[in-house]
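Asks: Please read through the structure below; I'll follow up with questions.
The values are calculated or read from the model by the stated rules, or taken from the named source; none is laboratory data. No experiment lies behind these values; they were computed from the predicted model shown. Every residue, glycine among them, receives a Cβ derived from its backbone with ideal geometry; neighbour counts consider all protein chains shown.
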Amino acid sequence: MKYSIIASLLLVGSAIAAPHTAVRQERARKRAQGRKGNPNHVIEGPGGVETNNTNVSYSTNWSGAVLVGTGYTSVTGSFVAPTPTTTGSGSAWVGIDGDTCGTAILQTGIDWTYSGGKVTYDAWYEWYPDYAYDFTGITISAGDTIKTTVTATSKTAGTAVILNSTTGKSVSHTFSNEASLGSLCEYNAEWIVEDYESGSSQVAFADFGTVTFTGASAVKSGTTVGVTGATLIDMETSSGSVIVQASLSGTSGVVLKYV
């Protein structure tokens with residue numbers, strides 16, 4: 001969700017674009033180009049056991065788990081803010097309609113950047129195709145447990161909430177009447193790590209270790225569901241080497257491992 005400093009000058013009402021907020025249209029275009037399915041891909045499951053998973057795809061800029069269907073109106077999950085060990089950035093988020101909808105995405109999460117021996121974090125919210133915007137009034141440190149939740153109250157309205165469970169501080173944003181931007185389809189629930197765009201190219205992607213979403217669940221047509229049956233997406237380089245491997249842990253865990 002990081003972009004050039006120009007984005008920080010763009011105003012929508014009183015909201016200020018995050019200092020390095022990505023242009024979502026470009027990200028979505030590259031995401032669509034980058035993903036390709038492979039039903040016979042062999043992945044490493046929990047405990048290091050390789051298992052054939054029939055629901056695995058590849059992307060060059062994101063990795064995670066996606067539920068595909070209809071009626072998804074809320075997504076939540078918690079993870080520990082990672083401590084990257086190489087120079088670069090990354091992002092972790094939950095969302096509705098980031099995969100197969102195409103008209104809107106409701107999402108929230110955090111970015112991290114490791115540079116000059118220091119790690120910085122931003123918390124943000126977004127209704128694509130608008131920009132992502134930084135939350136104010138919340139700080140994040142390495143090792144903090146972050147709970148992320150998005151809820152669609154209609155196909156053109158909803159909320160994004162981030163809770164720092166370690167500090168007890170939470171922030172939220174309410175979206176209302178976003179029809180002019182685009183309506184949700186409520187087709188997808190997702191838990192993602194992403195190598196986001198900055199300008200016209202992806203940022204240097206930091207080795208973040210492992211991000212594990214716990215308590216991962218979604219509301220589908222009024223019923224709470226876990227991640228069972230989700231499509232897994234591995235991130236790979238342009239040469240085809242897997243760089244982030246996704247797996248499920250039980251019915252409510254999504255494990256994203258930098259490899």
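Asks: With the requirement that a residue be hydroxyl-bearing (Ser, Thr, Tyr), modelled with pLDDT of 95 or more and buried (at least 19 other Cβ atoms within 10 Å of the Cβ), what does the range 157-201 give you?
Replies: TYR187
Asks: Hey, another quick one. Can you pull out the residues in the range 52-93 that are among the aliphatic types (A, V, I, L, M) and either touching a Lys or Arg at 6+ places or on another chain (Cβ under 7 Å) or in a loop (DSSP other than H, G, I, E, B) (or both)?
Replies: Scanning the range 52-93 gives a single hit, ALA81.
Asks: What are the residue pairs meeting all of these: first residue in the range 215-226, first residue closer than 17 Å to TRP93 by Cα and in a strand (DSSP E or B), second residue modelled with pLDDT of 95 or more and among the charged types (D, E, K, R), Cβ atoms under 8 Å, and 6 or more apart or on different chains?
Replies: Within 8 Å, the pairs are GLY215/LYS147.
So that you can scan it fast, the table gives a plain yes or no per residue for (1) of a type outside the set (Ser, Thr, Tyr); (2) over 15 Å from SER78 (Cβ atoms):
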residue	(1), (2)
THR108	no, no
ASP122	yes, yes
GLY137	yes, yes
ASP144	yes, no
THR151	no, yes
LYS155	yes, yes
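Asks: Regarding THR120, is this residue of a type in the set (Val, Ile, Thr), surrounded by fewer than 20 Cβ atoms within 10 Å (Cβ to Cβ) and assigned to a loop (DSSP other than H, G, I, E, B)?
Replies: For THR120, the condition - of a type in the set (Val, Ile, Thr), surrounded by fewer than 20 Cβ atoms within 10 Å (Cβ to Cβ) and assigned to a loop (DSSP other than H, G, I, E, B) - is not met.
Asks: Another question, then. Check ASP130, ASP134, ASP99 and return the single one that is charged (D, E, K, R) and within 20 Å of GLY69 (Cα to Cα).
Replies: Of the residues listed, the single one that is charged (D, E, K, R) and within 20 Å of GLY69 (Cα to Cα) is ASP99.
Asks: Can I ask one more? Among the residues of the range 55-66, is there at least one that is over 30 Å from THR153 (Cβ atoms) and either crowded, with 20+ Cβ neighbours inside 10 Å or modelled with pLDDT under 50 (or both)?
Replies: Yes: one or more hits.
Asks: Tell me the residue from ALA123, ALA142, ALA157, ALA204 that is of a type outside the set (Phe, Trp, Tyr), over 25 Å from THR231 (Cα atoms) and without any contact (Cβ under 8 Å) to a residue 24 or more places away in the chain, please.
Replies: ALA157
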